[in-house]
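Before any comments, here is the structure.
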Amino acid sequence: MSSPTAFTAGRRRTRYRAAVILTAAALVGCVSVGSGFAAPSASAAETANLTGVILGVGASESQRIVSWYSSADTSQQVQLAPTSAIVAGAFPAGAQTFAAIGAANIATSGGYNRHATITGLSENTTYSYRVGSEGNWSAAYSFKTQSFDGNYDFLFLGDPQIGSSGNVAKDGAGWADTLAVATAANPNAELLVSGGDQVETANTEAQWDSFLAPDQLRQVPYAATIGNHDVGGKAYEQHLSTPNTDRSAAYYSNGNPASATSGGDYWYIYKDVLFIDLNSNSYSTAQGGGGDAAHVGYVTDVVTQHGAEAKYTVLVYHHSIYSAADHAKDSDAKVRRVDFPTTFSNLGVDLVLQGHDHVYTRSYEIKNGIKANPAEQPGANDVFPGPGGVIYVTANSASGSKYYDITAPDNSGTTGAGNGADPLNPSNYWYNSSENQEHVRSYVKVQVQADQLVVQNVRSGTCAAPNAAVELGKVAWCGPNSGATAAQPVGSVTDSVTIHANHGSGEDIQVTVPTAAPGEFGWTIDGGNRLVDLGTATEVNGQYFQAAGSINPIVVSDTRHTQSPWSISASVGDFRDGTATFSGKNLGWTPKIVTAGAGATAGVAIQSGYDGGDGLSVSRGLGSATQGHARGTASLGADLDLKIPGSVDKGSYRATLTLTALSS
């Protein structure tokens, strides 16, 4: 939630709202502002042929990883500059460079692989980059960053599997067309997220060349996923470097990272979404790796360490556990369907993205391996997952190289590993709200918004070429309703759902604070959108309840040359639970300077109105500075004291704290 900025009597006034919650005599408040390879040898005399350039996702929105192949083992780098600084195709003398690392390829193609991480990107900037070395540069490519905060869209792409139809050119044409259609329809999409199976045969470079051909893969960062058709060689790892990757033995299906196979789990955070990507090819310890237990431990560790840094958690892996086509009843799918869901529910995962089955499905809200809400209707456009509710999505083919038809449920049960029918829609599996197969290419669009995720399956093709499986007679029909209905237009939607965020028994309050221009007065809430927990109020002498804590500090920055005065004050309304209330005057505070600067002085202490007076029910000063104060930054805090009359009924009470900043 953001508040507008108003200008009154020559003074700028800004506000934020913070929630304070009392549950069964417990007070809670919410506020928010806002492995590498060995180094290559150097050989300046050698000229390298540079191919397969791809822009990958970085560890955060301010990073990108560029990967490519080189015909020679020379020292190479990525050169980067704002596109506005490129004159007549020439990079400026001050262009940044980022050293590449890599090694000889373990593949029939020979050559060497290289990758480099670009760091320190600025938001809302178009950049140009090239790879290689002085006198031996690749063509230049460009990408744009957008705001590093706020809403954004990403596109999820299922199994291109170039070569699967038997015709690499046709498969590549469908893949290229989907990327062109999807990015044209969504020009501000910020990520391309893979469902796995980039190619049909792990080390066949002709297939990789076709997969890597579209320019969109050099313009929008690609977040790779290992599929079962990628895992059998090193080409996946060589072509697609990923951030924060753990290449321990446990995350390889054979338990041997040094073997000619690919593996590893990785994670990254992109604008309030924690993405965790798993190598689902490793699911059984009998294969040699750590199996599902290792992945469960990995997800648990990453969420424990980084979950609080994001608003949503999205998992990505190849093998769908809630699909509807040829792989729905696979034994390995049933294993994962038992091993994964309870952990994902317990960790608060919001969305799981999967591939492998070449069909589109969207699950019901699944909690601990069962349908969480038996009353949730098939195809519902809005879902409100309670704590532990997870939505699982399977993507259909993005290239048209192969489709699998929807299969029928059986009598194996409607929980856990079972593939029984949905009581509300018996033609579907019990776990699926939506199932779709039309033998046309599609992609999944995910809109990340402040309080919801919007997931849509979008057609990127029709029955016409490029659609290799249809063109080559691999399928007997095309179009909705098993071909009885004509194919729908490109860009039309087969399924759409809004997943509304769950806030448990509390309330998350969000505030967006813009970046202050140089020489301005501004403020933010330090530490982001987190709860201020005052614990459980205790009864005192049988007369009242009392709770204490501290607000999240307020950071004030004042770099104005005028050295004008400023102040920040606050007030709170009544606490309410339904029709029951008690006065906000019962809340008091003691302001304090957490970090000195900007001439800040703390406001006076205000006792709880329970002891007399109006407490914070009227505006009170948190901190201020006088005319002529030093420029700089200060951090203001306050210790809270809430005394609740003993006559107040038990309940969950909520009030709104409003802070106002004034500056001349």
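So that you can scan it fast, the table gives a plain yes or no per residue for (1) under 28 Å from Ala398 (Cβ atoms); (2) outside the structural domain of Ala235 (by the TED database); (3) charged (D, E, K, R); (4) out of contact with any strand residue (DSSP E or B) (no Cβ under 7 Å at 6 or more places or on another chain):
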residue	(1), (2), (3), (4)
Trp68	yes, yes, no, no
Phe98	no, yes, no, no
Gly111	yes, yes, no, no
Thr125	no, yes, no, no
Ser128	yes, yes, no, no
Asn136	no, yes, no, yes
Phe143	yes, yes, no, no
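Select from segment 46-59 the residues that are in contact with a strand residue (DSSP E or B) (Cβ under 6 Å, 6 or more places away or on another chain) and outside any strand (DSSP E or B) and write down the one among them that is nearest to Ala189 (Cα to Cα). Within segment 46-59, the match that is nearest to Ala189 (Cα to Cα) is Gly58. Summed over segment 447-479, the residues that are closer than 22 Å to Tyr152 by Cβ and assigned to a strand (DSSP E or B) give a count of 10. Residue check: is Thr559 open to solvent by 40 Å² or more (accessible area, probe 1.4 Å), modelled with pLDDT under 80 and not assigned by the TED database to the domain that holds Ala308? Spelling it out, it is not the case that Thr559 is open to solvent by 40 Å² or more (accessible area, probe 1.4 Å), modelled with pLDDT under 80 and not assigned by the TED database to the domain that holds Ala308.
Among the residues making up segment 537-559, those that are part of a strand (DSSP E or B) and either closer than 30 Å to Gly522 by Cβ or touching a helix residue (DSSP H, G or I) at 6+ places or on another chain (Cβ under 8 Å) (or both) are Tyr544, Ala548, Gly549, Ser550, Ile554, Val555, Val556, Ser557, Asp558. Of all residues in segment 355-376, those satisfying the criterion of being open to solvent by 10 Å² or more (accessible area, probe 1.4 Å) and in contact with a Pro (Cβ under 9 Å, 6 or more places away or on another chain) are Glu365, Lys367, Asn368, Ile370, Ala372, Asn373, Pro374. Step by step: first the residues of segment 565-581, then only those that are of a type in the set (Val, Ile, Thr) and touching a Leu at 6+ places or on another chain (Cβ under 6 Å), then the one that is nearest to Thr633 (Cα to Cα). Which residue is that? Residue satisfying both the conditions and the ranking: Ile568.
Scanning segment 397-422 for residues that are open to solvent by less than 10 Å² (accessible area, probe 1.4 Å) and closer than 26 Å to Thr343 by Cα returns Gly418, Asn419, Gly420, Asp422. Of the strands (runs of 3 or more DSSP E) lying entirely inside segment 64-162, those containing at least 1 residues that are surrounded by fewer than 16 Cβ atoms within 10 Å (Cβ to Cβ) and touching a Pro at 6+ places or on another chain (Cβ under 8 Å) are 126-133. Report yes if some residue within segment 434-445 is under 14 Å from the mean Cα position of the chain (by Cα) and either surrounded by 21 or more Cβ atoms within 10 Å (Cβ to Cβ) or assigned by the TED database to the domain that holds Phe340 (or both); otherwise report no. Yes, there is a match, as at least one residue in segment 434-445 is under 14 Å from the mean Cα position of the chain (by Cα) and either surrounded by 21 or more Cβ atoms within 10 Å (Cβ to Cβ) or assigned by the TED database to the domain that holds Phe340 (or both). Per this entry, Tyr392 is not counted among residues that are of a type in the set (Ser, Thr, Tyr), under 19 Å from Gly195 (Cβ atoms) and in a loop (DSSP other than H, G, I, E, B). Out of curiosity, is Val454 closer than 23 Å to Phe344 by Cβ, touching a Leu at 6+ places or on another chain (Cβ under 9 Å) and either surrounded by 16 or more Cβ atoms within 10 Å (Cβ to Cβ) or not acidic (Asp, Glu) (or both)? No: the conditions fail for Val454. Sub-7 Å Cβ pairs linking a first residue in segment 327-354 that is assigned by the TED database to the domain that holds Asn419 to a second residue that is part of a loop (DSSP other than H, G, I, E, B) and open to solvent by 60 Å² or more (accessible area, probe 1.4 Å), at least 6 apart or interchain, are Asp332/Tyr283; Val335/Tyr283; Arg336/Tyr283; Pro341/Asn368; Thr342/Asn368; Ser345/Asn368, ordered by first then second residue.
Of a type in the set (A, V, I, L, M), out of contact with any strand residue (DSSP E or B) (no Cβ under 6 Å at 6 or more places or on another chain) and surrounded by fewer than 18 Cβ atoms within 10 Å (Cβ to Cβ), is that true of Ala580? It is true that Ala580 is of a type in the set (A, V, I, L, M), out of contact with any strand residue (DSSP E or B) (no Cβ under 6 Å at 6 or more places or on another chain) and surrounded by fewer than 18 Cβ atoms within 10 Å (Cβ to Cβ).
Picking from Glu471, Glu438, which residue would you name as being in contact with a Pro (Cβ under 6 Å, 6 or more places away or on another chain) and either at pLDDT below 95 or over 17 Å from Tyr392 (Cβ atoms) (or both)? The match here is Glu438.
The values are calculated or read from the model by the stated rules, or taken from the named source; none is laboratory data. Here the structure is a predicted model, which means the values were calculated and not measured. Cβ: placed from backbone, ideal geometry, glycine included. Neighbour counts: every protein chain shown. To get the accessible areas, we keep the full protein, side chains included, count just its heavy atoms, and leave off ligands, DNA and RNA. Shrake-Rupley method; radii C 1.70, N 1.55, O 1.52, S 1.80 Å.
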